[in-house]
Amino acid sequence: MKTKYDKYGALHVDSKGKLVDRNGTVVALHGYSTHGLSWYPEYVNRDFFEFMKDEWHIDCIRLAMYTAEKDGYCVGDDVNRKKLEDVVDKGVRAATELGLYVIIDWHILSDSNPLMNKDMAIGFFDHVSKKYAAYGNVFYEICNEPNIDCTWADIKAYAEEVIPVIRKNDKYSVILVGTPDWSQRVDDACADPITIDDNLMYTLHFYAGTHKQWLRDKYKSVIAAKLPVFVSEFGTCDADGNGGHYKEESEIWINMLDENDTSYIMWNISNRDETSASFVPECDKYTGGYTDADLREPALWYKGILAARV
Ligand code: IDC
């Protein structure tokens, strides 16, 4: 079977702010994000990815590597860092073998401002962009969700240091940049975009129980202004990753993203006891073979959404 990567090749952002394939045709990716790689590395394996590709029709995996939470990249020791780099490597290789796109996500969260761990980020992105420069299917997400008092000026300053480090090694990959307020303020990025590089997209994250029409209005206004937007994380529940499954609200979002060819990635692959997790806590399979009974409601819903696109 022809993979998405065979079909599209390396992707890039065009002058209209769209993600396009090697022929300039607009494409949108649809995938799943891992939970924190420090806590749920079991799901990072070729069989699992293959199952998700064949049975769920995902074409992109996001590898969420927390930076400041327990055993995160910036708080653990060198042994822990090496372990995380190995999980990332395993994930990138498995995705590549299967013709999937893969996002390496520097998952800042409690470290609200990416400038806090900038030096480590530079070291990490230098390392991975050197290693995967020739791959063509790798995206670099340089800061998951800046938050609290982190301004767009801070993020921009960070991005202007990290992007050249990646570009020195890898001229063509798409780089994803987070926005203030847990990656909601795409309007801030739109008002003052990064100009040192043009193969960038800005991330918008939504959780349908919390983020409603007011955030969709922001999205619409930046799309009208041709800002390249990538939804590298979303949930159908509340912003804490728990609560209800807001199906109707989620469908309003998904329809709007589809109309605008915006890519989206759902949070999260795990059996953690929370609504946003893909699998029920009793499910201890890590390599595929899932039945609908193994899935939580949002995951079952998403599986249907993706199946309807095929
Ligand atoms: C949540 C996880 C939860 C974990 C928490 C703190 O679902 O299990 O305890 O992080 O590490 C985000 C973040 C993402 C959050 C998710 C849900 O990017 O890390 O995951 N969320 O709260 N932004 C909005 C929601």
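The values are calculated or read from the model by the stated rules, or taken from the named source; none is laboratory data. Bear in mind that the values here come from a model prediction, so they are computed numbers and not experimental data. Ideal geometry is used to build each Cβ from the backbone, glycine not excepted, and the neighbour counts take in all protein chains shown.
Quick notes on this one:
- Within region 79-110, considering residues that are crowded, with 24+ Cβ neighbours inside 10 Å and part of a loop (DSSP other than H, G, I, E, B), the one farthest from the ligand (Cβ to nearest atom): LEU100
- Output for region 1-24, where each listed residue is touching a strand residue (DSSP E or B) at 6+ places or on another chain (Cβ under 8 Å) and of a type in the set (Phe, Trp, Tyr): TYR5
- Residue count, region 175-229 (criterion: assigned to a strand (DSSP E or B) and away from the ligand (no atom under 16 Å from the Cβ)): 4
- The set of residues from region 128-138 being in contact with an Asp or Glu (Cβ under 7 Å, 6 or more places away or on another chain) and in a helix (DSSP H, G or I) comprises just one member, SER129.
- The one condition in (1) surrounded by fewer than 21 Cβ atoms within 10 Å (Cβ to Cβ); (2) within 17 Å of the chain's Cα centre (by Cα); (3) within 16 Å of the ligand (Cβ to nearest atom); (4) not acidic (Asp, Glu) that TRP39 fails to fulfil: (2)
- Qualifying residue in region 149-170 (condition: under 19 Å from the mean Cα position of the chain (by Cα), crowded, with 16+ Cβ neighbours inside 10 Å, in a helix (DSSP H, G or I) and within 16 Å of the ligand (Cβ to nearest atom)): yes
- Under the condition of being under 30 Å from LEU306 (Cα atoms) and either in a strand (DSSP E or B) or at pLDDT below 95 (or both), the residues counted in region 54-78 number 7.
- A search for C-beta distances below 7 Å between a residue of region 231-255 that is within 25 Å of LEU200 (Cβ to Cβ) and any residue that is of a type in the set (Gly, Ala, Ser) and away from the ligand (no atom under 14 Å from the Cβ), counting only pairs 6+ apart in sequence or on different chains, returns VAL231/SER263.
- Residue within region 282-291 that is in contact with a strand residue (DSSP E or B) (Cβ under 9 Å, 6 or more places away or on another chain) and within 13 Å of the ligand (Cβ to nearest atom) present: no
- Only residues that are within 11 Å of the ligand (Cβ to nearest atom) and in a loop (DSSP other than H, G, I, E, B) were counted across region 240-270, and they come to 5.
- Just one of the numbered conditions (1) within 22 Å of MET52 (Cα to Cα); (2) out of contact with any Phe, Trp or Tyr (no Cβ under 9 Å at 6 or more places or on another chain) is not true of ASN242: (1).
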